[in-house]
1. Sketch the reach of a paramagnetic label on Arg98 as a point 7 Å from Cα along Cα-to-Cβ, and name the residues of segment 7-38 whose backbone nitrogen lies under 19 Å away.
2. Going through the cross-link list Lys529/Lys606; Lys339/Lys575; Lys297/Lys339; Lys70/Lys241; Lys529/Lys575; Lys575/Lys606, which pairs have a Cα-Cα distance over 21 Å in this structure?
3. How much length is gained if the chain between Glu353 and Val485 is pulled fully straight, taking 0.36 nm per residue apart and subtracting their Cα-Cα distance, in nm to one decimal?
4. How large is the direction-averaged shadow of the alpha-carbon convex hull of segment 12-154, in nm²?
5. Suppose each label sits 7 Å from its Cα in the direction of the beta carbon; what would the Ser88-Lys606 distance come out to in nanometres?
6. Can you report the principal axis dimensions of segment 484-608 using only the alpha carbons, biggest first, rounded to whole angstrom?
7. Would you kindly calculate the mean projected area, averaged across all directions, of the convex hull enclosing the Cα atoms of segment 306-469, in square nanometres?
8. Provide the packing ranking of 392-401, 440-449, i.e. peptides ordered by the mean count of other C-beta atoms within 10 Å per residue, highest first.
Amino acid sequence: MMPDRDLQYLAELAAQLRVDSVRAAAEAGSGHPTSSMSAADLMAVLFACHLRYDFDDPDNPANDHLIFSKGHASPLLYSLYKAAGVISDEELLSFRRRGSRLEGHPTPRLPWVDVATGSLGQGLPVGVGVAMAGRLERMPYRVWVLCGDSELAEGSIWEAAEHAGGEGLANLTAIVDVNRLGQRGPTRHGWDTGAYARRFGAFGWHTIEIDGHDPGQIDYALGDACNTRRRPTVILAKTRKGEGVLEVENREGAHGKALKDPGKAVEELGGARSVRVEVHRPEPGAAPFRFGSNGMKAPSYPVGEKVATRTAYGAALAALGSARGDVVALDGEVADSTKTETFGKEHPERFFEMYIAEQQLVAAAVGLQVRGWKPYAATFAAFLTRAHDFIRMAGVSGADIRLVGSHAGVAIGEDGPSQMGLEDLAMMRTVHGSTVLYPCDANQTAALIGEMADLEGVSYLRTTRGDTPVIYQPGERFSVGGSRVLRHTPGDRATIVAAGVTVHEALAAADGLQADGIPVGVIDLYSIKPVDTAALVEAATTTGNLITVEDHRIEGGLGDAVMDAVSELGPRVVKLAVTDLPGSATPQEQLADARIDRHAIADAVKRLV
């Protein structure tokens, strides 16, 4: 049993965390103090007794990782940082102000925050990725994830629960603050911690149900989690929202609001305090395991051969994995189609099968990059839309992840519209700090896969299902933000701008038009974000006519990227893209039906000039 003096210290620390959460929200005039108050005892015991973290060295590879999946409880997190002595009381009271590091929901602007949270249901899946990294690098650190009970309605939580349970991630502990109340009223299961325990238990988790305001029970549960082997642990803590203040304790209608009388609340909680918590530092000497490198031998393909860009992706990634021991690959149970299986066969210890769980796929990539790995995650382009919120939040986190979407566009053929990625370029272009690449041949694909390895932020490469002609020489370099002018004469009447599969249609159209006495230029705009503005401006200036053609919806893709680059110059721009709902047909029939094949391009040029 914990000594009385320790229990008294933990009670005082928890009370201070509640007081400071109330004060921070009161100063801001907004925030989530009641959601912070319910979890204060849980975090007080974690910080004082079980967390291993060196706040002076956030990059210490032996540090534990704490992820606030319930990111709206940020006042509690910032109050913990104050108690640990790494932020001042003055900074605490800058909460939610313009320019403050203490944003409404945590972001990595603070060096002790791994990822941005606040979109519920994401912290646990990301924590799974961090735990996967710990196993990969053979480090003893633990991953602690504070969840709210409301977010357990999210499907991504159960994707994470199944993956962690199936993999036996014993270094992962979820602490669920079961305070019964969501934003507008009671949660689905209220205080029935057994309902949650049965669900986690079904996925192979060790489950512990406790009183979340009893420091002794909390301490025992956290210690039990540390001693559990071969499976993750979930601590289901029954708590009261707004604990300690009669005005808001276990009352509806107080979510997301500063307290009406914060002074009275602080007095009720026993007043302001200056309790310090000395967080234990990790044991020195631990060093993460890293894989060796054997030199890079990129795949090469002779000009004129027909090779699918997805095939080149698999071969190039496997070669990159040999050259760099920090590269890892993830796939959503379609590795034989995306061709990630090539990497998996050559580097099985760095290949992760995430099954049909696209949210966990992206979240695991985010978690792996927290520890410095270079993740490439692949699935069909259409299915990445399921994970858009995770991709969006990866952008907020400044996470360096690489996504590859195969089977893009109507060119996949007979499978029909459910399998066609037709929105992916628009989706990826809107992500903060993203890079969007769309190669047209195998050598270009191989080069761009290598370029992606050291890109910052979210990068995306789109691949094609069918074989396309190789038009570039092996070993040719392609810079991010560049393009290639494939056809150009001083007498060009227009310029066709294409990427991916439509580059080959554009070249065929240009050859036919040339035979008809209508010279046109062709630009391969393989980098859709950032875009080669200089090349587009020159084409717009010299020909005055641009025709964009893309195997994508007309909204938000290549055509809009071109328009954004040249709109101030006022050239005539015709956008050819997929506007109708496709059915089943052969790839060439699909391109013709969508009016993005060589004949449609030639017709558009003739109408324009």
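Values in this text are rule-based calculations from the coordinates and carry no lab data. Keep in mind it's a predicted model, so treat the numbers as computed, not measured. Every residue, glycine among them, receives a Cβ derived from its backbone with ideal geometry; neighbour counts consider all protein chains shown.
1. In segment 7-38, the label zone of Arg98 (backbone N under 19 Å from the point 7 Å along Cα→Cβ) covers 27-31.
2. Values: Lys529/Lys606 29 Å; Lys339/Lys575 32 Å; Lys297/Lys339 18 Å; Lys70/Lys241 13 Å; Lys529/Lys575 18 Å; Lys575/Lys606 14 Å.
Listed pairs above 21 Å: Lys529/Lys606; Lys339/Lys575.
3. Values: separation 132, 0.36 × 132 = 47.52 nm, distance 3.92 nm.
Net length gain for the segment: 43.6 nm.
4. Numbers: hull surface 32.6 nm².
Computing the convex hull of the Cα atoms and averaging its projections yields 8.1 nm².
5. If labels sit at Ser88 and Lys606, their model points lie 7.5 nm apart.
6. The Cα atoms of segment 484-608 stretch 40, 33, 23 Å along their principal axes.
7. Details: hull surface 32.6 nm².
It is 8.2 nm².
8. Working: 392-401: 23.1, 440-449: 27.6.
Most protected by this proxy first, the peptides run 440-449, 392-401.
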